[in-house]
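The values are calculated or read from the model by the stated rules, or taken from the named source; none is laboratory data. Being a predicted model, the structure only gives us computed values, none of them experimental. Every residue, glycine as well, gets a Cβ built from its backbone with ideal geometry; the counts of neighbours run over all protein chains shown.
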Amino acid sequence: MKMNTKDNPQRAFFQRTLQIGLFGLVPFVGLIMLLFAAGSGQVSSAPTEAKIPLVEYSELTIQQRYIAQRRVVGRVEASSQGRLGFELGGTLEATLVDEGQQVEQGQLLATLDTARLDAQKAQLKAAQKRAESNLRLARLTEERVIDLVKKKLESPQRLDEVRESTVAASASLLEIEAQIEGVDVQLEKSQILAPFKGEVISRLVDNGSVVGQGQNVFVIQQSDELQVRIAMGASDAQTFVLGQEVELYNRKHSSYATVTSIAANRRLSTQTVDVIFTLPNSAHGILAGDLLSLQLKQPVDEAGAWVARQALSSGVRGLWTLYVVESIQGEDHVIPRSVEVLYSYKDRVYVRGPLRTGERYVIAGAHRLTPDQVVHLRRAVEDTVASIGR
């Protein structure tokens, strides 16, 4: 009895310690099992296929030449532009048009004060009447003297004198008529008439101003016919012929124009040749001073292929990298090829390199790929392929 009494407290202590340890170990083991199960579930649920990227591809077509396009620009100008003034000096009496106004050929634009010329013409008109009267009197006198000479009542000397008087009276009348015509010419020169149909670009003098001989009063330009002068290289200019029709562009409009002139000489300052294109009257929305561009096309004999611009990634030594697709053991791998860019136009690039017709290449997303990477392929839609310009 004494031994049992002595052992009971020890056994109870051991049992309580064992229970506490088991209670702490069970959650720890359960946590380990849960973490292991969760990790195993994640590894088993991640398929390998999700790591293979899907890329779009197209096929290469090797060409022996390409067409290089360059844009040249010219300014629209009026086919005719005039600086108008008076051939005589005087006081500007009236300007009948203003800047921006359309005028017709022969329309009166401005006049000088003609009071002095009007008075001079009136004086000459009076002298003209007097000369006409003197001429009539001289002719009547000549007729009477001729009759008297026939009747032997007047001497031939008198007849000669009368005839010379008639000639002098006729000459005096002609002189006055010529002076009147001179005044009429000066009156005409006191007006400015529009030499062609066009638009008033600027009015340089106001009413009441004294203008000198030949001083500019208006600047007008022809509005019913516009031209475009484009400077280009001699080799490019020689590709055009007179009468050829080309299409010109600006930001908002395009219009067909006709080649009307090809300069025979180069400009000394630029070593270019001017080609002049005439726009039709129906070229609405295009005004003098606008800039129009022309696309020049030049064939270049270089073998290569057109690819999408986004298919290229940076390479080394000035080259670019194009990923082509090769099938290896039933899988599609992307293989980098170094190519040289010969020409680019909009979203397409003409490249030269170790390429073959029919070879597949990745058209986009090359920067996300690595050499020999396995990919899944999807053929590019027709619109995408067409935009590459194959």
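Within the option set G208, G198, G212, being in contact (Cβ under 8 Å) with a residue 24 or more places away in the chain and touching a Ser or Thr at 6+ places or on another chain (Cβ under 6 Å) holds for one residue only, G198. Among the residues of the range 220-228, are any modelled with pLDDT of 90 or more and either of a type in the set (A, V, I, L, M, F, W, C) or within 18 Å of F86 (Cβ to Cβ) (or both)? Among the residues of the range 220-228, at least one is modelled with pLDDT of 90 or more and either of a type in the set (A, V, I, L, M, F, W, C) or within 18 Å of F86 (Cβ to Cβ) (or both), which makes the answer yes.
Pairs meeting the criteria (first residue in the range 256-269 and within 11 Å of V246 (Cβ to Cβ), second residue small (G, A, S), beta carbons under 7 Å, at least 6 apart or on different chains) are T258/G243; V259/G243. With the condition kept exactly as written, say whether any residue in the range 328-345 is in contact with a helix residue (DSSP H, G or I) (Cβ under 6 Å, 6 or more places away or on another chain), of a type outside the set (D, E, K, R) and at pLDDT below 90. Checked against the condition, which is being in contact with a helix residue (DSSP H, G or I) (Cβ under 6 Å, 6 or more places away or on another chain), of a type outside the set (D, E, K, R) and at pLDDT below 90, the range 328-345 yields no hits at all. With the requirement that a residue be surrounded by 12 or more Cβ atoms within 10 Å (Cβ to Cβ), among the small types (G, A, S) and touching a residue at least 60 places away in the same chain (Cβ under 8 Å), what does the range 335-372 give you? A364, G365, listed by residue number. Consider E99 carefully, then state whether it is in contact with a Ser or Thr (Cβ under 6 Å, 6 or more places away or on another chain), under 19 Å from G214 (Cβ atoms) and acidic (D, E). It is false that E99 is in contact with a Ser or Thr (Cβ under 6 Å, 6 or more places away or on another chain), under 19 Å from G214 (Cβ atoms) and acidic (D, E). Between F277, F240, the distinction of being assigned to a loop (DSSP other than H, G, I, E, B), surrounded by 12 or more Cβ atoms within 10 Å (Cβ to Cβ), at pLDDT 90 or above and of a type outside the set (D, E, K, R) belongs to F240 only.
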